[in-house]
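One structure is given here, and the rest of the page talks about it.
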Amino acid sequence: MTKATEVTGDLSPGVIPRSPIAKTRLFFKLHWHRGAPGQATPDWVLNFCYSMWLAAFAFKLVGSSWDMSWHFMWLRDDLAPPHLINTVGTVIIMVLVAIHSYTGMGADRRSLRLMQIGLVVFLIAAPLDVINHRVNGLDLTAWSPSHMMLYIGTGIMQAGVITGWLKYAKPGRTRTGVLIGLWAFFLENTFFPNGQQEYGILGLRAWERGMPEAEPELLNFAANQIGHPVDRVAVEYFTMPIDDWVYPLWGIGVMALIFALARYTTGFRWAGTTVAAAYLAYRLVMWPLLLGMGFPISVVPFYLLAVGLAVDLAFRIGRGHPLLTAGAGTLLVTAFGYGMLWVQSQFRPWILGDAHTESAPPVAYWTAAVCLVGVGALWAAAGPGTRAVNALLEKRRGRTGLPVA
């Protein structure tokens with residue numbers, strides 16, 4: 001029995017240590033040997049591995065959130081604490097990808113490739129971003145090419161982790177709970193560029209009040225980039241460089257599609273609402289922490305809860321009919337999302353009167369028509385698109401005689 005246990009790693013719950021360090025030692029003792037992707041993985045190894053993925057994404061989440069606030073206050077960012085926190089998450093991810101790649105455990109071929117590609121894209125983007133800062137100065141927008149590569153790399157990694165967990169986790173509350181957490185991280189990473197407007201509008205209003213959040217060196221740097229004195233034009237260039245149509249389309253249209261994917265993959269009837277609530281809960285925790293440390297704060301996108309609810313209701317209305325679900329979804333998402341975003345924007349005049357602040361960034365409401373058409377088309381195409389991809393993979397498997405997964 002002892003020898004069989006050492007070979008398979010199938011341990012009784014009482015034998016599995018609680019300490020992450022002890023679990024790591026036990027894993028390397030029993031399972032550190034080369035294997036192809038898709039190796040049989042004991043439950044305790046699978047759960048431990050994916051709990052470490054959640055921990056890695058949590059480090060990156062905290063680091064990136066603080067980093068966004070940091071760059072609305074300070075010009076200097078070499079060895080900044082937010083970068084160091086983010087780096088801890090990246091190092092954990094590198095170790096996890098190495099383990100998956102070497103042992104073949106906890107990931108099939110498809111999920112492993114996504115993890116590897118995402119990590120490579122991120123590791124290429126990180127030095128490119130540093131070089132960009134050295135050559136061109138501080139990048140004043142979250143939407144720059146080097147920043148987008150960082151988000152894309154992280155998103156591809158997260159897609160791989162979601163795919164792997166879907167493949168190997170046993171149905172139940174743990175499977176659903178971890179999926180909800182992974183989708184919340186995926187949502188945050190995708191939504192992150194919208195923070196430019198959410199921090200930016202409060203930064204602009206603070207300058208207009210005569211209480212700028214940014215240090216003089218940063219304001220001077222931003223003004224010099226456009227050959228302008230430090231005035232409202234220069235501050236607006238620094239804080240609000242993105243057109244007003246971007247924020248609602250990204251925050252409502254794109255996030256609705258992520259909520260729909262979360263609802264579809266988890267099968268949990270309130271998955272969209274729960275993912276939105278989890279993300280908003282995090283933002284509501286970070287808000288007072290940043291404020292207490294004296295860093296700039298942002299408006300909080302409460303309207304996301306309405307978008308998540310709209311997606312969940314669409315699945316209930318559609319009841320398994322893809323086109324009906326997509327049609328109901330695009331109507332509800334547009335109505336709930338833009339309606340709640342408008343209501344949120346009125347909090348300032350309704351509650352704070354003429355106070356020189358805002359409760360939402362500026363919004364181009366004509367984008368509701370674009371959202372209505374775009375979300376409906378993409379949502380309706382998701383089913384046929386998925387079937388076409390699966391058919392292509394099956395054809396490839398039949399041609400090569402090798403498993404595609």
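The values are calculated or read from the model by the stated rules, or taken from the named source; none is laboratory data. Not measured: the values here are computed from a predicted model. Every residue, glycine among them, receives a Cβ derived from its backbone with ideal geometry; neighbour counts consider all protein chains shown. Side chains included, ligands, DNA and RNA excluded: accessible areas come from the protein's heavy atoms. Shrake-Rupley method; radii C 1.70, N 1.55, O 1.52, S 1.80 Å.
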Could you please let me know if L182 is part of a helix (DSSP H, G or I) and at pLDDT below 95?
no
Checking the conditions here, which among F295, F268, F302 is under 21 Å from R205 (Cα atoms), open to solvent by 50 Å² or more (accessible area, probe 1.4 Å) and touching a helix residue (DSSP H, G or I) at 6+ places or on another chain (Cβ under 6 Å)?
F302
Kindly evaluate A234 against the criterion of being farther than 25 Å from L182 by Cα, part of a helix (DSSP H, G or I) and touching a His at 6+ places or on another chain (Cβ under 6 Å).
yes
Can you tell me which residue within segment 73-129, out of those that are over 16 Å from C49 (Cα atoms) and outside any helix (DSSP H, G or I), is least open to solvent (accessible area, probe 1.4 Å)?
A80
Out of all the residues in segment 219-251, which are buried (at least 21 other Cβ atoms within 10 Å of the Cβ) and closer than 18 Å to A142 by Cβ?
A222, V235, F238, T239, Y247, P248, G251
Right, L179: open to solvent by 10 Å² or more (accessible area, probe 1.4 Å), touching a residue at least 60 places away in the same chain (Cβ under 8 Å) and closer than 28 Å to K60 by Cα or not?
no
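Which one of these is in contact with a Gly (Cβ under 9 Å, 6 or more places away or on another chain) and either acidic (D, E) or more than 30 Å from M68 (Cα to Cα) (or both): A310, A306, A326? First the steps, then the outcome.
Details: A310 fails: either acidic (D, E) or more than 30 Å from M68 (Cα to Cα) (or both); A306 fails: either acidic (D, E) or more than 30 Å from M68 (Cα to Cα) (or both).
Unique residue meeting the criteria: A326.
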So if I check each of I226, I242, which one is out of contact with any Gly (no Cβ under 7 Å at 6 or more places or on another chain), at pLDDT below 95 and within 19 Å of M68 (Cα to Cα)?
I242
Only listed residue being within 30 Å of C49 (Cα to Cα), of a type outside the set (D, E, K, R) and touching a Cys at 6+ places or on another chain (Cβ under 9 Å), chosen from A262, A256, A184
A256
Which residues, taken from segment 298-325, are of a type in the set (G, A, S), modelled with pLDDT of 95 or more and part of a helix (DSSP H, G or I)?
A306, G308, A310, A314
Apart from one, (1) free of Cβ contacts under 8 Å to residues at least 12 places away in the same chain; (2) over 23 Å from S69 (Cα atoms) all hold for A271; the odd one out is (1)
Can you work out which of the residues in segment 337-387 that are β-branched (V, I, T) and modelled with pLDDT under 95 is farthest from P248 (Cα to Cα)?
T386
Filtering segment 177-231 for residues that are over 23 Å from G294 (Cβ atoms) and more than 23 Å from the chain's Cα centre (by Cα) leaves a count of 8
Residues that are of a type in the set (G, A, S) and either under 23 Å from the mean Cα position of the chain (by Cα) or surrounded by 15 or more Cβ atoms within 10 Å (Cβ to Cβ) (or both), drawn from segment 328-357:
A328, G329, G337, S345
Scan (1) surrounded by fewer than 19 Cβ atoms within 10 Å (Cβ to Cβ); (2) closer than 24 Å to T357 by Cα for the single condition R319 breaks and write down its number.
(2)
Taking segment 149-176 and keeping only residues that are within 12 Å of the chain's Cα centre (by Cα) and more than 25 Å from A40 (Cα to Cα), one is left with L150, Y151, I152, G153, T154, G155
